[in-house]
Each structure stands twice: as structure tokens, then as C-alpha cells.
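The structure appears below as C-alpha cells.
Readers should treat all values here as calculations from the given coordinates under stated rules, not as data from a laboratory. Computed from a predicted structure; not experimentally measured. Cβ placement follows ideal geometry from the backbone for every residue including glycine, while neighbour counts extend to all protein chains displayed.
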């Protein structure tokens, strides 16, 4: 799935992945891949700027550590980030339910003016 397909949802996806605990940047990318069964294979050039943006917004807290001689930044969800994730989940459930009702094909076909179509 291309990065363009998650436009508008990336922040929510990142917050959700970090809900379970702190992760460094590349581990966030791996978690997205794992949780999406490989469908989300986002480039670092998409994920890292978004992590910095969420940190600047106060939704994530970042800290530097050195592991195996390499410095890496680990991100943790803040209280504000948890509230934002909760709000975004509610919005997503409402939105996706609406889209499912329209695209799901359930119910009889509607006429152009919104009344049930009649057969015969």
C-alpha cells in the first residue's frame, strides 16, 4: 500500500503503534508492517518527519539512547497523545462505518432522489 493511501491517517497509525509502549523509529516502521500484515511498508522519509511532527505537537516524547554504538531516538506516547488517539479512533469508527454502509452493498438500491427503487 503506497504512502499516499494513508495520507490523513498516518498520525493515527503512528499513535496506535506507540500505544503499547516506547519504540525507536525503525521499530515503529516494523510494527506498522507487522500489524498491517505487510500492507503498510512506509519509507523512513514518510515516518520520521511524522514522528517529529507528533513530538512537536506534544503527542509523543522522544529520548536519545545509544544501542550497540548507534544513537537512536525512542518515542513514547504522552497523555495528550493518548487522548488524541482516543478521539481519532472514535472519528475513524464513525467514518468507516459510514463508508461501509455506502460501499458495502447492503440494502436495496436507491433511486436518484433517495427513495427505494421498485421492481417491475
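Table for the structure above
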quantity: Matching residues in segment 68-89 - criterion: being closer than 22 Å to residue 31 by Cα and free of Cβ contacts under 8 Å to residues at least 12 places away in the same chain; calculated: 68, 70, 71, 79, 83, 86, 87
quantity: Residue 63 in contact with a strand residue (DSSP E or B) (Cβ under 9 Å, 6 or more places away or on another chain) and surrounded by fewer than 17 Cβ atoms within 10 Å (Cβ to Cβ); calculated: yes
quantity: Per-region count, segment 14-25, residues in contact (Cβ under 8 Å) with a residue 12 or more places away in the chain and either under 12 Å from the mean Cα position of the chain (by Cα) or more than 16 Å from residue 55 (Cα to Cα) (or both); calculated: 6
